[in-house]
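Reading through the structure tokens given below for one structure.
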Amino acid sequence: MRLLAPALGLWVCATTAVAEPDIDRLIDAMGMPELIRAFSVEGEATGKTLDADFLGGQGGSVWAETVRKLYDPTRLERALRIGVAETLDPDLARTALVFFDSDVGQRIVLLEVQAREAMLDNDVAVMAKAAGAQSGAQVRDFIALRNLVERNTDAGVSAQNAFFDGFAQSTRSPMPAPDAEDLRDGIAAETETWLLGYYALTLSALSDEDIDIYSDFWRTEVGAAVDDAIFEAFGDSYTTLSFALGQAVGLLMPADEL
């Protein structure tokens, strides 16, 4: 495992600060630990895909352990807490808790977590995306309100580029990167399809009044600040993780494949 110390060390060094109590409470109330666990489960599938695509399926226990550590939900959660604490005013976090600790707030969070977990099942994800494609204005307006397609696309593009950079650093051999415009277009299309499915699944269980209340929260200064902080923290940690994955792939790739 010592071979992969540079990749793992980068991630460990990024998670050494201490978060704020009120921000911790907000992250818990928003269901972030549960959402991160779902992301971690998807990371295992990502690891298998990278093993097949770059390592010929020969990554073995070293690669499996590397993926497990990089996608460890406890570490990911710690990184998110620290990142949000660095950018979100604790007073705004306390104000946001008024909504997320309310009955309607907790009902919405529960539905978001359940939908996220359900979409780990490929059959459910396919059905949700099909329903999302037929979504009306309510779902599309909610996604547009928070600029979710562009925000998630930005994070995806940065993560992809970081993977290529990490690979190049560990191999001294740059990996041919896809065309930037094609990369963004592809990620944006995939992101929009997933978001439409996810929110079709989530919002379908809510009343129109609840959706209006939720939308109104995100329109506030507090809601916008929370969204900004969450996306910045997740984007930074996702980029760091992807760079480390690229490093690890490069270190484990057979010499005759470089």
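The values are calculated or read from the model by the stated rules, or taken from the named source; none is laboratory data. Given the structure is predicted, the values throughout are model-derived calculations rather than measurements. Cβ atoms come from the backbone with ideal geometry, glycine included; neighbour counts cover every protein chain shown.
On the basis of being modelled with pLDDT of 95 or more, buried (at least 18 other Cβ atoms within 10 Å of the Cβ), touching a Leu at 6+ places or on another chain (Cβ under 7 Å) and of a type outside the set (Val, Ile, Thr), does residue 245 make the cut? The answer is yes for residue 245.
Is segment 27-44 home to any residue that is at pLDDT below 95, of a type outside the set (Gly, Ala, Ser) and part of a helix (DSSP H, G or I)? For segment 27-44, residues at pLDDT below 95, of a type outside the set (Gly, Ala, Ser) and part of a helix (DSSP H, G or I): present.
Among residues of segment 114-123 being of a type outside the set (A, V, I, L, M) and either assigned to a helix (DSSP H, G or I) or touching a residue at least 40 places away in the same chain (Cβ under 8 Å) (or both), the one that is nearest to residue 140 (Cα to Cα) is 116. If the condition is being without any contact (Cβ under 8 Å) to a residue 24 or more places away in the chain and either in contact with a strand residue (DSSP E or B) (Cβ under 7 Å, 6 or more places away or on another chain) or of a type outside the set (Val, Ile, Thr) (or both), then segment 92-111 contributes 102, 103.
Among the candidates 105, 136, 132, 56, which residue alone is at pLDDT below 95 and surrounded by 15 or more Cβ atoms within 10 Å (Cβ to Cβ)? Residue meeting the stated conditions: 132.
If you scan segment 52-72, which residues turn out to be of a type in the set (D, E, K, R) and either more than 21 Å from the chain's Cα centre (by Cα) or not in a loop (DSSP other than H, G, I, E, B) (or both)? Across segment 52-72, the qualifying residues are 53, 65, 68, 69. Can you tell me which residue within segment 22-51, out of those that are within 18 Å of the chain's Cα centre (by Cα) and of a type in the set (Val, Ile, Thr), is surrounded by the fewest Cβ atoms within 10 Å (Cβ to Cβ)? If we take residues in segment 22-51 being within 18 Å of the chain's Cα centre (by Cα) and of a type in the set (Val, Ile, Thr), then 49 is surrounded by the fewest Cβ atoms within 10 Å (Cβ to Cβ). The residues listed here are 142, 164; of these, the one that is touching a Pro at 6+ places or on another chain (Cβ under 8 Å), among the aromatic types (Phe, Trp, Tyr) and surrounded by 16 or more Cβ atoms within 10 Å (Cβ to Cβ) is 164.
So if I check each of 115, 144, which one is of a type in the set (A, V, I, L, M) and in contact with a helix residue (DSSP H, G or I) (Cβ under 9 Å, 6 or more places away or on another chain)? Answer to the selection: 115.
As a summary of the residue check, residue 120 satisfies the conditions (1) closer than 24 Å to residue 47 by Cβ; (2) buried (at least 17 other Cβ atoms within 10 Å of the Cβ); (3) of a type in the set (A, V, I, L, M) except for the one numbered (2). Surrounded by fewer than 17 Cβ atoms within 10 Å (Cβ to Cβ), of a type outside the set (A, V, I, L, M, F, W, C), within 17 Å of the chain's Cα centre (by Cα) and under 28 Å from residue 78 (Cα atoms): is that true of residue 228 in this structure? Yes, satisfied. Here residue 133 passes the criteria (1) within 19 Å of the chain's Cα centre (by Cα); (2) within 28 Å of residue 179 (Cβ to Cβ) except the one numbered (1).
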